[in-house]
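Asks: Dumping the structure here so I can ask a few things about it.
The values are calculated or read from the model by the stated rules, or taken from the named source; none is laboratory data. Since the model is a prediction, treat every value here as computed from it, not as a measurement. A quick note on method: Cβ atoms are made from the backbone with ideal geometry, for glycine too, and the neighbour counts reach across all protein chains shown. Remember, those area values only see protein heavy atoms, side chains included, never the ligands or the DNA or RNA. Shrake-Rupley method; radii C 1.70, N 1.55, O 1.52, S 1.80 Å.
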Amino acid sequence: MPYSLVIFDLDGTLADSFPWFLRTINDVADRFGFRRVADEDIEPLRNASSRDILTRLEVPLWKLPAIARHARRLKAEAAAEISLFAGVETMLRTLTENGVQLALVTSDSEANAREKLGPAAALFSHFDCSASLFGKAAKFRRVIRRAGVDPAQVIAIGDEVRDIEAARAAGIACGAVCWGYAAPAALRALAPDHMFGHIRDIAETLCGT
């Protein structure tokens, strides 16, 4: 069915931040006392759920808020290193030109998100940022209420297992992209409503363009 609201994730979905993440994660690990990520760990972690990742890296749940705040500060400092994936702005513009509202729900701050999006930020009607690791479902519900749309006409698009889980918890459709943090196989295993192999597939699928 046609969607009237698309809720996007940012990192790994619209913004190419995974290389920055790989350069940064071990400094964060040293600071907060969890396991460092070796090169051979990367693919297994990309195939794991968020909870499994925390377990494998021995990250205590109580440290997550402080880690998230620190990560936001680091992202702000590295804003010039993180760009949108090629074709993102064209895709977003095509959606809005076809009457689709856009929302952004991300663990990053709104200031960081707007800087990464650049001119494309103006295409978004709703921002709900600084989501906790497992707090996206509540933010999805809040965005849907603000937008005043039927949940049956909403899809959330992200690049991680937790994005799919949050969409289902909120009672909305879910789309998964193949170019982000999680391995495509891990996402396909959860049978999202849509799998997108390329940026252009999003507008083609949702708008028939």
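Asks: I'd like the orientation of helix 161-170 relative to the chain: the angle between its Cα long axis and the longest Cα principal axis, in ° from 0 to 90, rounded to 10.
Replies: 50 degrees
Asks: State, as an integer percentage, the relative contact order of the chain based on alpha-carbon contacts under 8 Å between residues 6 or more apart. Could you put the intermediate results ahead of the total?
Replies: Numbers: 330 pairs, mean separation 59.6, N = 209.
29 percent.
Asks: Then there is this: Can you give the charge dipole size of segment 22-128 about its Cα centre, rounded to the nearest 20 debye, using +1 on the beta carbon of Lys and Arg and -1 on the beta carbon of Asp and Glu? If you can, show how the numbers build up before the last one.
Replies: Working: 15 positive and 16 negative charges, 64 e Å.
That gives segment 22-128 a dipole magnitude of about 300 debye.
Asks: Distance in nm between label sites at ASP201 and ARG93, each 7 Å beyond Cα in the beta-carbon direction?
Replies: 2.4 nm
Asks: Same structure again: Could you compute the FRET efficiency for HIS194 and LEU57, with r as their C-beta to C-beta distance and R0 at 35 Å, rounded to 0.05?
Replies: Working: r = 30 Å, r/R0 = 0.86.
Step by step, r from the Cβ atoms, then E = 0.70.
Asks: Moving on to the next point. May I ask for the net charge around GLY208, where only other residues with Cβ less than 15 Å from the Cβ of GLY208 are counted and Lys, Arg are +1 while Asp, Glu are -1?
Replies: Working: positive: ARG200; negative: GLU97, ASP201, GLU204.
Summing Lys/Arg as +1 and Asp/Glu as -1 gives -2.
Asks: Show which aspartates and glutamates lie in cross-link reach of LYS139 when reach means a straight Cα distance below 18 angstrom and same-chain residues fewer than eight apart are skipped.
Replies: Cross-link targets: ASP9, ASP11, ASP108, GLU110, ASP128, ASP150, ASP159, GLU160, ASP163, GLU165.
Asks: Identify the trypsin sites (Lys or Arg not before Pro) of segment 107-209 meeting these criteria: DSSP loop state and at most 13 other C-beta atoms within 10 Å of the C-beta. Kindly include the intermediate steps, with their values, before the conclusion.
Replies: Numbers: sites: ARG114, LYS116, LYS136, LYS139, ARG141, ARG142, ARG145, ARG146, ARG162, ARG168, ARG188, ARG200; in loops: none.
The qualifying sites: there are none.
Asks: Could you state the number of Å between the C-alpha centres of segment 167-201 and segment 131-166?
Replies: 13 Å
Asks: So what's the angle, to the nearest 10 degrees on a 0 to 90 scale, between helix 88-97 and the longest Cα principal axis of the chain?
Replies: Helix 88-97 sits roughly 30 degrees off the main axis of the chain.
Asks: To continue, here is another question. Ignoring ligands, DNA and RNA, please state the percent of accessible area on the chain from carbon and sulfur, probe 1.4 Å. Walk me through the intermediate numbers first.
Replies: Numbers: 4890 of 9530 Å².
Ligands and nucleic acids excluded, carbon and sulfur give 51 percent.
Asks: How large is the accessible surface per residue of segment 14-141, computed with a 1.4 Å probe and reported in Å² as a whole number?
Replies: 50 Å²
Asks: Here's another thing I want to ask about it. Counting other C-beta atoms within 10 Å, and keeping those with at most 13, which DSSP coil GluC sites (Glu not before Pro) do you find in segment 52-155? Display every interim value, and only then the final one.
Replies: Details: sites: GLU58, GLU77, GLU81, GLU89, GLU97, GLU110, GLU115; in loops: GLU58.
Loop-located and lightly packed - GLU58.
Asks: Next up: In nm, what is the difference between 0.36 nm times the number of residues separating ALA169 and ASP150 and their Cα-Cα distance? Display every interim value, and only then the final one.
Replies: Details: separation 19, 0.36 × 19 = 6.84 nm, distance 1.54 nm.
Roughly 5.3 nm would be gained on extension.
Asks: Treating only the Cβ atoms of Lys and Arg (+1) and Asp and Glu (-1) as charged, compute the dipole magnitude of the chain about its Cα centre; round to the nearest 20 debye. Intermediate values should be presented prior to the final figure.
Replies: Values: 25 positive and 27 negative charges, 150 e Å.
For the chain, the charge dipole is close to 720 debye.
Asks: Mind checking the dipole of segment 54-98: about its Cα centre, +1 per Lys or Arg Cβ, -1 per Asp or Glu Cβ, Debye to the nearest 20? Show your work: numbers first, answer last.
Replies: Numbers: 7 positive and 5 negative charges, 61 e Å.
For segment 54-98, the charge dipole is close to 300 debye.
Asks: Please give every one of the lysines within straight-line cross-link reach of LYS63, meaning a C-alpha to C-alpha distance under 19 Å, and leave out same-chain neighbours fewer than 8 residues apart.
Replies: In chain and number order, the partners are LYS75, LYS136.
Asks: Given LEU92, ALA120, LEU61, which one lies farthest toward the positive end of the charge dipole of segment 58-180, if we put +1 on the Cβ of every Lys and Arg and -1 on the Cβ of every Asp and Glu?
Replies: LEU61
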